[in-house]
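Peer 1: One structure coming up, written as structure tokens, with questions to follow.
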Amino acid sequence: MIPIKRIASAAVIAVMMASLGACSGMSRQGKNTAIGAGVGAAGGAVLTGGSALGTLGGAAVGGIVGHEASK
């Protein structure tokens with residue numbers, strides 16, 4: 001049986017990656033923020049074994065890094 005945390009983390013990652021397709025009208029900084037959040041969420045999920053808190057924390061940190069990198 002697959003743990004619910006792993007399913008939830010996979011769902012969050014899938015939604016974030018799918019939402020990147022909507023980036024066509026965004027600024028460069030907005031795109032970098034979204035990409036950073038997606039990569040951070042995936043990294044946070046992997047590093048914490050699928051913890052929802054780790055996934056959200058990774059998304060937050062990745063979003064900040066992506067935002068700041070494009071300045």
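Readers should treat all values here as calculations from the given coordinates under stated rules, not as data from a laboratory. Everything numeric in this text was worked out from a predicted model, so none of it was measured. Virtual Cβ from ideal backbone geometry, glycine too; neighbours counted across all protein chains shown.
Peer 1: What FRET efficiency comes out for the pair ALA60/SER24, r = Cβ-Cβ distance, R0 = 22 Å, nearest 0.05? Don't skip to the answer; put the middle values down first.
Peer 2: Working: r = 24 Å, r/R0 = 1.10.
For R0 = 22 Å, the calculated efficiency reads 0.35.
Peer 1: Rounded, prolate or oblate: which fits the chain, taking a ≥ b ≥ c as square roots of the Cα gyration tensor eigenvalues, rounded meaning a/c under 1.5, else prolate when a/b beats b/c?
Peer 2: It comes out oblate by the Cα gyration axes.
Peer 1: Between ALA11 and SER70, what is the label-point separation in nm under the 7 Å Cα-to-beta-carbon projection?
Peer 2: Spacing of the two 7 Å Cα→Cβ label points: 2.8 nm.
Peer 1: Could you work out the helix-only [θ] at 222 nm for the chain, with each DSSP H run of four or more residues adding -39,500 (n - 2.57) and the total divided by the number of residues, to the nearest 500 deg cm²/dmol?
Peer 2: Details: 3 runs with 54 residues, N = 71.
That comes out to -26000 deg cm²/dmol.
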